[in-house]
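Comments concern the structure below.
The values are calculated or read from the model by the stated rules, or taken from the named source; none is laboratory data. Quick caveat: nothing in here was measured; it's all calculated off a predicted structure. Note that we place each Cβ from the backbone using ideal geometry, even for glycine, and neighbour counts take in every protein chain shown. Side chains included, ligands, DNA and RNA excluded: accessible areas come from the protein's heavy atoms. Shrake-Rupley method; radii C 1.70, N 1.55, O 1.52, S 1.80 Å.
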Amino acid sequence: MNIAMIIAGGRGVRTRQDIPKQFLSIHDRPVIVYTMQAFQKHPEIDAILVVCIDGWQEILWAYAHQFNITKMKWITAGGDNGQQSIYNGLVELKKHCDMSDLVLVHDANRPNVSQEIISNCIAECRLCGSAITVIPCAEAMLLRAKDPNSSSKVISRDSLARTQTPQAFPLHKLMWAHEEAQKRGINNSIASCTLMVELGEEVHFCSGSEKNIKITTTEDIEIFKALLMARKDDWLK
């Protein structure tokens, strides 16, 4: 099976809103619903698990019913950080899935993920054993040297990739990584790809998109609204 693990455990303080960013309503639909609908529509996704911020589980089930998200099979609680939230999801998946199943870890607040990105991620993971969605780094990059306001070093953008989600691995690989990280005292890695690299593993890239935005600020909300008002892909209709 191919399983989408949607991480919705964050509180979204940078959007300065009273509710978590993944539950903000945009054009009469919560952000997380756009995200779930992308995986619901994809023919190669067999099931969805959502790692949900505590207190919002029943609301999420109601949204799944309202918007016909039939592939959502499980909800589990989030953790103190992203790494713990992903591990909580893996523990739940281990109860229901084969350890060879592919898991696509995806941010709930990346609602504009395309069908092509999901397909590329699955194909690359099947071929190479991992798949990290990335886009090229187009900006000139400076390395902070002495303080946050100055720099004296440059990093070549040609050697950098900007990571997005989904990030896919077999379930057994992700479970190994999280259990090994606990043994080594790694407890706050920011993403699945960084955790693998910290453990000495090689990861493989697949193509993302500038449109696959992550909603973290109020400005990002405005960008997402603009994308919705532009020509829509089929999955957004």
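State the antiparallel share, in %, of DSSP beta bridges confined to the chain, rounding to the nearest 5. Just about 45 percent of them are antiparallel. Put a plus charge on the Cβ of each Lys and Arg, a minus charge on the Cβ of each Asp and Glu, and nothing anywhere else: the dipole of segment 124-237 about its Cα centre is then about 120 debye.
Hey, any idea what the orientation-averaged projected area of the convex hull of segment 1-114's Cα atoms comes to, in nm²?
Working: hull surface 27.5 nm².
For the Cα atoms of segment 1-114, the hull's average projected area reads 6.9 nm².
Applied to segment 209-221, the Karplus parametrisation 6.51 cos²θ - 1.76 cosθ + 1.60 on θ = phi - 60° returns per-residue 3J(HN,Hα) values of 7, 4, 6, 7, 7, 9, 7, 10, 10, 5, 5, 5, 4 Hz, with x for Gly and Pro.
With a 1.4 Å probe and all protein chains left in place, how much accessible area per residue does the chain have, in Å²? Each step should come with its number before you reach the end.
Details: 12040 Å² over 237 residues.
Accessible area per residue: 51 Å².
Met1 exposes around 100 Å² of accessible area when a 1.4 Å probe is run over every protein chain in place.
The chain: longest stretch without exposed GluC sites (Glu not before Pro) (DSSP loop, at most 13 other Cβ within 10 Å), sites themselves excluded? No qualifying site falls inside 1-138, the longest such stretch.
With the convex hull drawn around the C-alpha atoms of segment 53-201, the volume per residue stands at 168 Å³.
Considering the chain as a Gaussian network with a 10 Å cut-off on Cα pairs, which listed residue, Ala64, Ala131, Ala168, attains the greatest mean-square fluctuation? Residue with maximal mean-square fluctuation among Ala64, Ala131, Ala168: Ala64. For the chain, with all protein chains in place and a probe radius of 1.4 Å, 49% of the accessible heavy-atom surface sits on carbon or sulfur.
For the chain, the dipole from Cβ point charges (+1 on Lys and Arg, -1 on Asp and Glu) about the Cα centre works out to 360 debye, to the nearest 20. Our coupling estimate for segment 56-68, obtained by passing each phi through the Karplus curve with A = 6.51, B = -1.76, C = 1.60 and θ = phi - 60°, is 10, 4, 5, 4, 5, 4, 5, 5, 4, 5, 4, 9, 6 Hz, Gly and Pro reported as x.
With R₀ fixed at 25 Å, the C-beta to C-beta distance from Glu219 to Leu143 puts the FRET efficiency at about 0.50.
Please give the length that would be gained between Ala123 and Gln182 if that part of the chain were fully extended, namely 0.36 nm times their separation in residues minus their C-alpha to C-alpha distance (nm, one decimal). Don't jump to the answer; show the numbers that get you there.
Working: separation 59, 0.36 × 59 = 21.24 nm, distance 2.96 nm.
Length gained, Ala123 through Gln182: 18.3 nm.
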